[in-house]
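This report refers to the structure that appears directly beneath it.
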Amino acid sequence: MTETQQKAKCITLKGSAELVKQYLLYGINSILYQRGIYPPETFEPAEHFGLFFLMSTDDKIKSFLATVLGQVEEWLVQKKVYKLTLVITNVNTKEVLEKWDFKVDYEAPVSNTVTIMAGGDSPLPEVGTKDVKTIQKEIREVIRQITGTVSFLPLLDCLCSFDILTYTVPDCGIPKEWDETQPVFIANSQEVQLRSFSTSIHKMDTIVSYKNN
Amino acid sequence: MSHLKYMKELNSLTRMDDAIKGPAPRWQKKHLEASNSSINLSLNASRKVISGSFVNTSNGKTPTKRSDIRTKRTPSKANKKSPMAEMLNLLLVTGRASTTPAKTPSGGDRFIPSRATTNFELGHYKLQHHADQDGDKGDNISPSKREMQRLIGENFHGGDINNMRVLSYQNKAPAPPEGYQNPLRVVYSQTKTPASVKASTRYIPQAPDRILDAPEIIDDYYLNLVDWSTNNILAVALGANVYLWNAATGTIEQLLELEGSDYVCSVAWIQEGPYLAVGSTLGNTELWDCSQMKRVRVMNGHSARVGSLAWNSHILTSGCRSGQIAHHDVRQREHLVSSINAHAQEICGLKWSPDGKYLASGGNDNMLQIWSSTAGQSSQTQPIYSLNQHQAAVKALAWCPWQNNILASGGGTADRTIRFWNCNTGACINTIDTKSQVCSLLWSTTYKEIVSGHGYAQNQLTIWKYPAMTKVAELTGHSSRVLHLAMSPDGTTILSAGADETLRLWKCFQPDPHKKKEPSDMKSVASRLKQSIR
């Protein structure tokens, strides 16, 4: 079964979740670098999807992203997450200056999910129809757009930190060291919708909201 | 008798201020024994009727014998007649209110609240409190409003928030290091340069006023090959030759030509007069009288080439490739006053302050030294300040003409900064990154501005506003680095010598025409006044 999938260059639910996770990882790192939230010395270039990304070398940021996105990947497989929000706040005033929404839509029918969650050995694992190459091309285009946003986003002229909020289904269990929080808003914000990409299982919309002065 | 009794009772009734006399009437006693609600019913009913019959009286006064009788009778009567009709009837017949309380049937069909037993404050509080709680739950809002809220929420969250859970990992990512500044600030603030250019109202021609050829000018950062005298004569060293260009007439004369493979390394005019000092590769410093085109004397004292020269009245200071500084008294036969090992490597910048108190020397060892000249002896063997902040050779040196203790210095390719020093304290006042090698610096005498000559990438001259250090103008045109700068004696024109073998004259410090007119206007006014007085 897997061999035929390989030949047909199809994508499984797990593979799709992994791709989405990678997109989130590179996208968030790009945002952290491009928006100048952390010193540029703490980033180093790495090539993925045929594109050079600047990835943070800070151990704390790396482990934070690894934990959060690892958990999100799990939820993506279980189709429990609706949205991820990268919130950029002023360290001193705690004011939300910018937020990046990554909305997830599940395109394939949800019927198989339970079986996959149960064993993973189900006879009919979910399979997307899209070629990985095309998906990666779409992801590249979104990341390029993220890089391009620097031209219109306002300067973050203060010490800023970031946080990631995960919007999940209500019956989602809360893992250890996670907690429920409040959603964030930016009053009088300007929103820009970037390109979206789809793995034919997960569809990803990226929206940036920033303070409109 | 009954009539008299009646009159007496009526009298006591109308006297409202009278105290209640005697024991409580029987009807009252009877009703007290009955249930609470029945008292209320009857009392209230009586009050209503009383107000209807215009007899303002308290409840306690109403009873009479007749009412007692009536009370006894009421139940039977009430069955036959409607209570209202009876009441009306009574009022018509007797004209008395006191009879009414008994009229009301005890099991009346109206609810009359008991105000005495009602705890209004508590009730009010409870009602309010309850309403508040409802408001919190959103239970008491209209369906349309609820729908509106739901839609707003969906717009905000991209879905019904009540069906979502917002989770976040509790071990937050670290904040950036304290004092860190967003490097993007440069990108955003870079656009300010043209704004500051606009802000200055003065017109600065972007093209050079004249271009002169300077064939074979040596492209060497460590030499000083151009100087402009107070007599408006420009001395330029081209290879082994020194040429004099009279800026007023435009005539060119050759002053000297060295023999063999020697070349001229530096030229410097004395502050006043026709004397020009010329440093050569042999280590000699020659003194020329340019009015007669004659060599006056040759002063030795160095073992290597003399790349920099500076005058302080009769003292000529020379800097050598070996790092030595020599002071020559040009009037004396024994010209060498002192010789100091100032730098570890070649000296490329040497300037006396305008008041002659300090000497600044910059070397290829990235050091900037400041020496003081105390009266009597022209120098000391130790510098008063030894400044190592520059990351490359320090060639560009310029003393501020209006603040004697301010020195500007520029670093080479690896440094690219202009630094300002207070030579009284040795403190670095300001530093600015020019993004390009600083080959030369000159202060304007007309404006509070400083001009710098740069190398790669633009080979431009930059005019800076001091002390704000905002760019006033950038003069581009040289196709290779700007090696030397010189200023005309009137302070209006800057000459730049480029490694592209051209000398360009920039009229960038033209005095403001409006400012010049003012004094003349004042004069004319004064003279007119004089005339009128006469």
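List of remarks:
- Here B:D219 passes the criteria (1) surrounded by 14 or more Cβ atoms within 10 Å (Cβ to Cβ); (2) closer than 29 Å to B:S322 by Cβ except the one numbered (1).
- Tallying residues that are surrounded by fewer than 17 Cβ atoms within 10 Å (Cβ to Cβ) and either farther than 17 Å from A:T85 by Cα or touching a residue at least 24 places away in the same chain (Cβ under 8 Å) (or both) within region A:190-210 yields 4.
- Residue satisfying all of: in region B:159-185; more than 8 Å from chain A (Cβ to nearest Cβ) and open to solvent by less than 80 Å² (accessible area, probe 1.4 Å); modelled with the highest pLDDT among these: B:G179
- Highlighted here are the strands (runs of 3 or more DSSP E) found entirely within region B:314-406 that include at least 2 residues which are touching a Pro at 6+ places or on another chain (Cβ under 6 Å) and not acidic (D, E): B:368-372.
- Any hit, region B:346-365, residues being of a type in the set (K, R), at pLDDT below 90 and over 28 Å from the mean Cα position of the chain (by Cα): yes
- Among the residues of region A:89-96, none qualifies, meaning not one is within 13 Å of another protein chain (Cβ to nearest Cβ) and open to solvent by less than 10 Å² (accessible area, probe 1.4 Å).
- Of all residues in region A:34-73 being more than 9 Å from chain B (Cβ to nearest Cβ) and within 13 Å of the chain's Cα centre (by Cα), the one that is surrounded by the most Cβ atoms within 10 Å (Cβ to Cβ): A:V72
- Residue list for region A:145-185, restricted to those being open to solvent by 50 Å² or more (accessible area, probe 1.4 Å), out of contact with any strand residue (DSSP E or B) (no Cβ under 6 Å at 6 or more places or on another chain) and more than 7 Å from chain B (Cβ to nearest Cβ): A:T147, A:S151, A:F152, A:D171, A:K176
Yes/no matrix, rows are residues, columns are (1) over 24 Å from B:I270 (Cβ atoms); (2) open to solvent by less than 10 Å² (accessible area, probe 1.4 Å):
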residue	(1), (2)
B:R333	no, no
B:L336	no, no
B:W352	no, no
B:K357	no, no
B:S372	no, no
B:Q389	yes, no
B:V394	yes, yes
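The values are calculated or read from the model by the stated rules, or taken from the named source; none is laboratory data. Quick caveat: nothing in here was measured; it's all calculated off a predicted structure. Because the Cβ atoms are built from the backbone with ideal geometry, glycine has one as well, and the counts that use them run over all protein chains shown. Surface areas here come from the heavy atoms of the whole protein model, side chains and all, with no ligands, DNA or RNA. Shrake-Rupley method; radii C 1.70, N 1.55, O 1.52, S 1.80 Å.
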